Amino acid sequence: MIGGNATISLENSKEMANILKQSVILVTPKSYGANDPSLKTELENQVSKVSYNNLGRSLNEDDLISMVPEVDGFIAGLDYITKKVIQAAPRLKVISRYGVGVDRVDIDAATSRGIIVTNTPGTNSASVAELTIGLILALLRKICQLNQSTKSGRWALENSISLKNKRMGLIGFGAIGKETALRLQPFGCTVLVCDPFIPPSVQKDYSVIFRDLESLLSESDVISLHMPATRETEKFVNATFLSKMKKGAFLINTARGELLDHDAVLNALESGQLAGLAIDAFDQEPPNLQDPLFALEQVIATPHCGSHTDEAMNSMGRMALENCLASLRGEIPAHIVNPEVLQKK
């Protein structure tokens, strides 16, 4: 039985250990254990069977429905774990996200089935913040265009924009937003923040200035998104949002592709209302290469790689493993997303 610090009898302990040894685990993140093979070895030594994702991409509903019927534990990447997937997994006890976001997991369906959902907070915050800074610099200094131009044999000097003294708008001020703010300030930036869930007292701790959304949009030279994808935030960046931005500002999205209204962003780029876009997350992954956004030189696209540093992947892998095994042993994992599920145990 799961319970805080309750003592587990020797008999129960042996029973839980036996359950763990008989468990079947599905691991879908492509990078899991790539830099630290001991993660796979440790997992394989403690359970009956481990299945891996050999498709080379995140999995959709149909993929997973065929994989989960015999699965007890699921270490999940950016897969779509829908209600139908959960219904197809009668033995499933834990969904251990390899990452922070759980917007692609049907939490309500999991909770109603008594399935624990966990994530790995803080493990990739620095890495995503570093990519955000890199994308900002690449856009403002036209690094990608100049690189391509130079390699093609042209020596075309072109003016760009300095980051110094710019006003940076961060929408969402969780762990990644905070790490981004800390890295922007040495450039001499003024950091504006909009996040209704963060108390205003936090602005002193991070030397940022809180603004309502409309003020942040009109004042910021660069806007960076650090918010989850939910029903409320789908197509958050729409035509109205873009029209309120300072003309010629830049947009960075290292969060979720679902936040953008694709057509509205394309129109803003083509009209010049938006000077540039850097995007690391797409609503369809991999994205359609025929997307007209990719034809624009003021757009930088990366393959959802914000957390893909050796350090972040190792930390995420370790925490996801510990969350999964703890849940299967009948313990309360350290990073449970749906604690109300414990009432069903």
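Laboratory data are not the source of any read-out in this text; all were calculated from the coordinates shown. Since the structure is predicted, the reported quantities are computational estimates derived from the model, not experimental observations. As a convention, Cβ positions derive from the backbone with ideal geometry for all residues, glycine included, and neighbour counts pool all protein chains shown.
At-a-glance table
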read-out: Cα gyration tensor shape of region 175-316, rounded if a/c is under 1.5, else prolate or oblate by comparing a/b with b/c; value: oblate
read-out: Helix-only CD estimate at 222 nm, as mean residue ellipticity for the chain, using -39500 (n - 2.57) per DSSP H run (n ≥ 4); value: -10000 deg cm²/dmol
read-out: Neighbour-count order for 305, 189, fewest beta carbons within 10 angstrom listed first; value: 305, 189
read-out: Dipole magnitude of the chain, debye to nearest 20 (Cβ charges: Lys/Arg +1, Asp/Glu -1, about Cα centre); value: 440
read-out: Charge dipole (the chain, unit charges on Cβ, about Cα centre) - positive-most of 304, 240, 161; value: 161
read-out: Rounded Å value of the spacing that divides the Cα centres of region 188-267 and region 60-134; value: 27
read-out: For 130, 340, order by how many other beta-carbon atoms lie within 10 Å, fewest first; value: 340, 130
read-out: The chain, relative contact order [Cα under 8 Å, separation at least 6], %; value: 21
read-out: Reach of residue 40 by Cα under 19 Å, taken over aspartates and glutamates that are not fewer than 8 positions away in the same chain; value: 72, 310, 311, 322
read-out: Ranking of 226, 304 by count of other Cβ atoms within 10 Å, fewest first; value: 304, 226
read-out: Cβ-Cβ FRET estimate between residue 182 and residue 159, R0 fixed at 25 Å, reported to 0.05; value: 0.30
read-out: Over 32 Å (Cα to Cα) - which of 30/204; 30/93; 151/178 fall in this group; value: 30/204; 151/178
read-out: Mean separation of Cα contacts under 8 Å (6+ apart) over length of region 125-301, as relative contact order %; value: 20
read-out: From phi via Karplus (6.51, -1.76, 1.60), per-residue ³J(HN,Hα) for region 146-151 in Hz, x at Gly/Pro; value: 5, 4, 5, 4, 5, 5
